[in-house]
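Peer 1: Starting off with a structure, shown below.
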Amino acid sequence: MNKSAMPQRLLIVDDEADMLTGLKRSLAYDFPEVEIFTAARVPEALALMRQEPVDVVLTDIRMPDMDGLELLQHLLKIDLHLTVIMMTAYGSIELAVAAMKRGAYDFVTKPFDKDVLLRTIQKALERSSLIRENLTLQQRVGEKAPLKNLVGQSPAMWRLLESIHTIARTDYTVLIRGESGTGKELVARAIHDLSPRRNRPLVTVNCPAIPEHLLESELFGHKKGAFTGADADHQGLFDEADGSSLLLDEIGDIPVSIQTKLLRALQEQEVKPLGAARAHRVDVRIMASTNQDLEQKIRERHFREDLFYRLNVVTIRTPPLADMREDIPLLVSHFARLACHEMGIELKGFSPQALELLMQRPWPGNIRELQNFVRRAVVFSPHRLIQTGDVDFDRQARSVPAPLEAEAEIAAGVIEPYKIAKERVVNRFTVRYVSLLLEKTSGNITRAAELSGLSRVALQKIMRRLSAPK
């Protein structure tokens, strides 16, 4: 352990005085750099937890004041990231397993196998240390506004952050390449926000979202009367980005007819609006992003080779989530905090078992898919600590739509009170509707409210109701 760092703290909770004394003496010998506290009663343990930050709690599962599950709930309310080991006799192993499902890290059985106990505590201390380092890193990243949304400490993420810092100092054209959902636009924004052009806003254009016959006007502008419907002069995005940066998002989908004019603008650093007599100069840093194989598109004559080389001055690649799987717990924590803040609800977290499940799951949609998944879990889980059962959306997606299920039950002769049946059907519909709405809008609450015809406040109220304990 780093001598300058704050020592880790272990709290032992047991109502047997001899057990407390013996454990403290033994563990103090095996873990000399760890501060060890003891508590014989639950109120004493909770009071100490509120006064002193603790890394690991080793607690008996049978206490006179409350049972282990209730104690665990109180401990995690004080510190959502706390590592808790339950001590249990052989007869209550089932209760210990239930505690692990609720967020406990592990359990050990009495009488103790000393090697097993020491190994379990060592792993618990290591886990706590890693969690604290991740939270500290996330806080430091959050303090640096340009990088606040680029979360992670895997080698792939560090390489990406180093590339961003290096490229931001230059004024070169940047081509950002990576799979869909890997945060290419976030990288472009970080490069701009760290660059000398940061005092002016980044201008972004989603190339495939604009019809071909309008894209030229959007990029370069037009003069009044240039075409039917051109009732006034229109400033193009190149002019809007003058002195700043322009991101051409999904450049691989830009029509070949526009590629020629775009190449000229990049070569000459000047643009000519439609209907204008002459071109004028602009000072714009170009960034372009794509998830496509541009070299293959060149071979198919769907992308100009000279434009590719003009864009490909500096290339930066965003890693897929598969290359930074160890960052998933940190990303999940970050996305959960954002979702809770957006909804105006109490902070929720994920149990170690739920995080393990998410780390094993394939994420073909990369970080964007993970973020949408976390948003749905935060909305629909009734627990403050989200469990493995709360992240089984595959089962939910396969479920029978509520109205059809209700009709099937009625056809089978199953009748329940109208109000209860209606409430159940409406609730199931609401869960499905809000889930699809958030997926469609990538979690953008404002856009979701617009699509649903609800006010932002009304939609947030529905989401808070869905996430409330049942």
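The values are calculated or read from the model by the stated rules, or taken from the named source; none is laboratory data. Being a predicted model, the structure only gives us computed values, none of them experimental. Note: ideal-geometry Cβ built from the backbone for every residue, glycine included; neighbour counts use all protein chains shown.
Peer 1: Which condition number does Leu46 fail, the rest of (1) crowded, with 17+ Cβ neighbours inside 10 Å; (2) in contact with a Ser or Thr (Cβ under 7 Å, 6 or more places away or on another chain); (3) over 17 Å from Ser129 (Cα atoms) being met?
Peer 2: Condition not satisfied by Leu46: (2).
Peer 1: Also, quick follow-up: Looking at segment 283-306, is at least one residue surrounded by fewer than 17 Cβ atoms within 10 Å (Cβ to Cβ), aromatic (Phe, Trp, Tyr) and under 29 Å from Ser163 (Cα atoms)?
Peer 2: No; the residues of segment 283-306 include none that is surrounded by fewer than 17 Cβ atoms within 10 Å (Cβ to Cβ), aromatic (Phe, Trp, Tyr) and under 29 Å from Ser163 (Cα atoms).
The rows are residues; the columns are (1) over 28 Å from His222 (Cα atoms); (2) of a type in the set (Gly, Ala, Ser); (3) free of Cβ contacts under 8 Å to residues at least 12 places away in the same chain.
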position: Gly275; (1), (2), (3): no, yes, no
position: His280; (1), (2), (3): no, no, yes
position: Asp283; (1), (2), (3): no, no, no
position: Ile286; (1), (2), (3): no, no, no
position: Leu294; (1), (2), (3): yes, no, no
position: Arg304; (1), (2), (3): no, no, no
position: Leu307; (1), (2), (3): no, no, no
position: Val313; (1), (2), (3): yes, no, no
position: Ala322; (1), (2), (3): yes, yes, no
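Peer 1: Look at Gly142 and say whether it is of a type in the set (Gly, Ala, Ser) and either at pLDDT below 75 or closer than 15 Å to Leu23 by Cβ (or both).
Peer 2: Yes, satisfied.
Peer 1: Answer yes or no: is there a residue in segment 340-347 that is on the phi > 0 side of the Ramachandran plot, in the same structural domain as Ala449 (by TED's automatic domain parsing) and touching a helix residue (DSSP H, G or I) at 6+ places or on another chain (Cβ under 7 Å).
Peer 2: yes
Peer 1: Has segment 203-216 got at least one residue that is touching a strand residue (DSSP E or B) at 6+ places or on another chain (Cβ under 7 Å) and in a loop (DSSP other than H, G, I, E, B)?
Peer 2: no
Peer 1: For residues that are in contact (Cβ under 8 Å) with a residue 40 or more places away in the chain and among the aromatic types (Phe, Trp, Tyr), scanning just segment 75-117, find the one that is farthest from Ser351 (Cα to Cα).
Peer 2: Checking each candidate, the answer is Phe107.
Peer 1: So in segment 229-269, with the set limited to residues that are at pLDDT below 90 and in contact with a His (Cβ under 6 Å, 6 or more places away or on another chain), which one is farthest from Phe308 (Cα to Cα)?
Peer 2: Of everything passing the filter in segment 229-269, Ala230 is farthest from Phe308 (Cα to Cα).
Peer 1: So which residues in segment 102-122 are surrounded by 15 or more Cβ atoms within 10 Å (Cβ to Cβ) and in a helix (DSSP H, G or I), if there are any at all?
Peer 2: Leu117, Leu118, Thr120, Ile121 - these are the residues of segment 102-122 that are surrounded by 15 or more Cβ atoms within 10 Å (Cβ to Cβ) and in a helix (DSSP H, G or I).
Peer 1: Within segment 4-20, is even one residue charged (D, E, K, R), modelled with pLDDT of 90 or more, farther than 21 Å from Pro352 by Cβ and assigned to a helix (DSSP H, G or I)?
Peer 2: no
Peer 1: Scan segment 202-210 and give yes if some residue there is more than 27 Å from Glu369 (Cα to Cα) and either free of Cβ contacts under 8 Å to residues at least 12 places away in the same chain or loosely packed, with under 13 Cβ neighbours inside 10 Å (or both), otherwise no.
Peer 2: no
Peer 1: Filter segment 46-58 for residues that are aliphatic (A, V, I, L, M) and more than 22 Å from Gln122 (Cβ to Cβ) and give the result.
Peer 2: Leu46, Ala47, Leu48
Peer 1: Let me ask something else about it. Where the second residue is of a type in the set (Gly, Ala, Ser) and modelled with pLDDT of 90 or more and the first is over 22 Å from Phe303 (Cβ atoms) and not assigned by TED's automatic domain parsing to the domain that holds Ala276 and lies in segment 236-261, which pairs have Cβ atoms under 8 Å and are six or more apart or on separate chains?
Peer 2: none
Peer 1: Quickly run through segment 216-260 and pick out the residues that are surrounded by fewer than 15 Cβ atoms within 10 Å (Cβ to Cβ) and at negative phi.
Peer 2: Of everything in segment 216-260, those that are surrounded by fewer than 15 Cβ atoms within 10 Å (Cβ to Cβ) and at negative phi turn out to be Lys224, Phe227, Thr228, Asp231, Ala232, Asp233, Gln235, Val256, Ser257, Thr260.
Peer 1: Hey, among the residues in segment 442-457 that are buried (at least 18 other Cβ atoms within 10 Å of the Cβ) and within 12 Å of Arg375 (Cα to Cα), which one's modelled with the highest pLDDT?
Peer 2: Ile445
Peer 1: While we're looking at this one, here's another question. Got at least one residue in segment 357-380 being of a type outside the set (Lys, Arg), in contact with a Cys (Cβ under 7 Å, 6 or more places away or on another chain) and either part of a helix (DSSP H, G or I) or modelled with pLDDT under 80 (or both)?
Peer 2: Residues of segment 357-380 of a type outside the set (Lys, Arg): 357-360, 362-367, 369-374, 377-380.
Adding the requirement that they be in contact with a Cys (Cβ under 7 Å, 6 or more places away or on another chain) leaves 378.
With either part of a helix (DSSP H, G or I) or modelled with pLDDT under 80 (or both) added as a condition, the list becomes 378.
Yes, because at least one residue in segment 357-380 is of a type outside the set (Lys, Arg), in contact with a Cys (Cβ under 7 Å, 6 or more places away or on another chain) and either part of a helix (DSSP H, G or I) or modelled with pLDDT under 80 (or both).
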